[in-house]
Amino acid sequence: MSDLKKQTLRGIAFLGLGKSAGRIISFVNTLILARLLSPEDYGLMAMAMVVAGFVGFFNDIGLGSAIIQRKVVTKAQLSGVFYIAIVISIVLYICVFFSASMAAEFYGNPSIEALLQVITLGFLLGAIKSVPDALLVKEMRFKIISGVEFISIILQCIVTLILAYLGYKTWSLVYGLLAAQLFKTVSLMWLSGWLPDRKGNVVQAFDLMKFGVSVTYSRVTWYIYTNAQTLILGKITGEKSTGVYSMAQTIAELPTAHITNLIVQVASPLFAKLQDNYTALNNALLKLSAGISLITFPVLVGIMLTANELVPILLGSQWDAVIVPLQLLCIMGVFKSIDPLLTQALISIGRADITARYTTVCAIIIPSAVIVGANLSGIIGASIALAVTYPFLVLYLLWLAKRHFELPIVKYLALFITPFSGCLTMALMLFGVEHYILPFFQLDSVLLTLIFKVIVGMLTYFLWIVYIRTDGVILLKGVLTDLGISEKKLNRWPFNLVVTNA
C-alpha cells in the first residue's frame, strides 16, 4: 500500500508540474486573446462547444473508464473497444454534420453550423486515442501523459494566437483546439506502444459496455448540468452576454480545471485498486480532498475578493461585466472543487449507477434554477442561482457516499475547517485593508492595489495554517515524505513547528 501511495503522489507531482506550466501558458494566452477577440467571438465558440461537447460524451460510451476500472482486460477486448469507438465516432460525426443547421436555428445564429461541422472532427481523433489514453492511466504512466498534455497546450496556444492575430476570430479557437487534439492522439498512440489487433473481439468488448454505458450516462447528465447555463444563456441573452459569462466561468473554474482534475485523473486508477477495501479507499479520499481544499479554497476566495482589480487588469475594461458573475461563480467553485472525487470513488467501486442518479438530479435542478435566474436578471441571476443551488446538491452527494462506501461524513466535513477558517480570516483582513489601510495610502494604481491585496491575502492564509491551524502543514509534510524527501531536509521551518507521524 505504501508503494501505491508513493506512486500516486509521484503521479500527482508529474502531472502537476506539466499541467501547472501548461495552465500558466494557456492563461497568459487567454489574456492576450481577450484583447484580440471580442466577447461575441468567445460566445460563439462557447455555444458551439456546448453542443459538440455533449455529443462527444457518446464517443467511446465510457469504454475508457471501463478499461481503467476492470482489473483484467484482454488484448482482444482492447482491440474490440477500439473498433467500436471508431464506428461510433463516425456515426456521431455524420449525425452532427447534417444536423448542425438545427443548432444554428436554435441559437438564431447561422455561424454555428459551420463551426460545429469542423469542431466535431475531433470525435474521430478522440476515438483513436481512447484505448491508448486509458492504458496509460491504468498503468499510472503519468510522466508521459503530463508531457503530452504540456506540449499540446503550447501548440494550441501558438496556433490560436497566430490565427487570432491574422483575423480569424472564432475560427482561431477552433483550429487551435483541433491542432492540439491531433498532436495528442498521435503522441499517445506512439508512446503507449499499443496498436489494435485484427483479431479484436467486438463481442467481448461489449461486456465492458455494461459498465461504460452507466459511466457515459453519468457524464452526459454531468455535462448537461455543467453546461446548461451556456445553452440557456445563449438562447435567452445572446452571444455577447454568453461570452461574458463564459469568460467568468473560465476564470472561476481555473482551480478546479487544474488542481481538482489533476488529482481526479490520478485518483481514478488508485481508487480502482482500492475498490475492495472501503477503509483504505476512504483514507485516500480524505487525504486527497484535504489537499485539494487547502489550495483551491483560498485561490477561489482570493479571486472573488480581488475581482474588481483583477478583471480590468487581466482582461481590459471591455470585460468589466465579468466581475459580478465571476464573484458568484467562485462561491459555486468552492463546492465544485471537491465533489468530483466523491463521484470518482463511486465509479471506482463499480457503482456508476449511483453517480448516474446524482447527476440526473443535478441535470434537472441546475438548468431549472438557471432558467429562472436568467429570466429574472440575465447572467447575474443565473450566477446567483448556481451559487445558491450547488451546495445543497453536494450535501446530497455526501449522503450517497455515506450510504454506498461508508464515507465518514463528520470526519470528511472536519477536513475543511482549516481552509474555510483561513479563507474567512483572509476575507476579514482584506476587508480591513480595503476600508482602512488603502485609503490612508491613497493608491491610485489599480495594479498596485491588486498586488497589495494579493500579498496581504497570501500572508494571512499562510500564517493561519502554519501557526493557528497546523493540520495543513502536517498533511504537506506527509506528502513530501512520501515523495522521497528526507526527514532531515524537512526538519526546518515551517515543518519543525509541528509533530507528525508521517
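Before moving on, here are some points about what is shown:
- Inside the stretch 238-296, residues that are among the small types (Gly, Ala, Ser) and in contact with a Pro (Cβ under 7 Å, 6 or more places away or on another chain) make up a count of 3.
- In this structure, Gln318 does not qualify as touching a residue at least 60 places away in the same chain (Cβ under 8 Å) and outside any helix (DSSP H, G or I).
- Selection within the stretch 98-115 - without any contact (Cβ under 8 Å) to a residue 60 or more places away in the chain, surrounded by 15 or more Cβ atoms within 10 Å (Cβ to Cβ) and touching a Ser or Thr at 6+ places or on another chain (Cβ under 9 Å): Ala100, Ala104, Glu113
- Residue match in the stretch 287-308 (condition: farther than 20 Å from Leu424 by Cα and buried (at least 23 other Cβ atoms within 10 Å of the Cβ)): yes
- Leading residue by the ranking (modelled with the lowest pLDDT) among those in the stretch 462-487 that are in a loop (DSSP other than H, G, I, E, B) and surrounded by fewer than 15 Cβ atoms within 10 Å (Cβ to Cβ): Leu483
- Residue satisfying condition, being within 28 Å of Val454 (Cα to Cα), in contact with a helix residue (DSSP H, G or I) (Cβ under 9 Å, 6 or more places away or on another chain) and aliphatic (A, V, I, L, M), within set Leu400, Leu428: Leu428
- Qualifying positions in the stretch 116-148 - surrounded by fewer than 20 Cβ atoms within 10 Å (Cβ to Cβ), among the charged types (D, E, K, R) and part of a helix (DSSP H, G or I): Lys138, Lys143
- Conditions (1) outside any helix (DSSP H, G or I); (2) closer than 30 Å to Leu281 by Cβ; number of the one not met by Ser421: (1)
- Output for the stretch 425-456, where each listed residue is modelled with pLDDT under 80 and surrounded by 13 or more Cβ atoms within 10 Å (Cβ to Cβ): Leu438, Leu443
Each row is one residue, and each column tells you yes or no for (1) surrounded by fewer than 16 Cβ atoms within 10 Å (Cβ to Cβ); (2) touching a residue at least 40 places away in the same chain (Cβ under 8 Å); (3) of a type in the set (A, V, I, L, M).
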| residue | (1), (2), (3) |
| --- | --- |
| Arg70 | no, yes, no |
| Lys75 | yes, yes, no |
| Leu92 | no, no, yes |
| Val96 | no, yes, yes |
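- The one condition from (1) farther than 23 Å from Tyr42 by Cβ; (2) without any contact (Cβ under 8 Å) to a residue 12 or more places away in the chain; (3) not acidic (Asp, Glu) that Gly167 does not meet is (1).
- Search result, residues across the stretch 321-364 that are outside any helix (DSSP H, G or I), among the β-branched types (Val, Ile, Thr) and surrounded by fewer than 21 Cβ atoms within 10 Å (Cβ to Cβ): Ile349
- Taking the stretch 62-86 as the range and being under 20 Å from the mean Cα position of the chain (by Cα) and either modelled with pLDDT under 70 or of a type outside the set (A, V, I, L, M, F, W, C) (or both) as the test, the residues that pass are Gly62, Gly64, Ser65.
- Test result for Ile338, touching a His at 6+ places or on another chain (Cβ under 7 Å), under 23 Å from Thr279 (Cα atoms) and among the β-branched types (Val, Ile, Thr): no
- Residues of the stretch 389-445 satisfying the condition of being of a type in the set (D, E, K, R), out of contact with any Leu (no Cβ under 7 Å at 6 or more places or on another chain) and in contact (Cβ under 8 Å) with a residue 12 or more places away in the chain: Glu406, Glu434
- Condition broken by Asn109, with the remaining ones in (1) at pLDDT 85 or above; (2) assigned to a helix (DSSP H, G or I) satisfied: (2)
- Looking across the stretch 254-283, just one residue is surrounded by 20 or more Cβ atoms within 10 Å (Cβ to Cβ) and at pLDDT 85 or above, and that is Leu281.
- So Gly11, is it in contact with a Phe, Trp or Tyr (Cβ under 8 Å, 6 or more places away or on another chain), in a helix (DSSP H, G or I), modelled with pLDDT under 65 and closer than 24 Å to Asp133 by Cβ: yes
The values are calculated or read from the model by the stated rules, or taken from the named source; none is laboratory data. From a predicted model like this one, the values you see are computed outputs, not experimental measurements. Quick reminder, even Gly has a Cβ in these numbers, built from the backbone with ideal geometry, and neighbours come from all protein chains shown.
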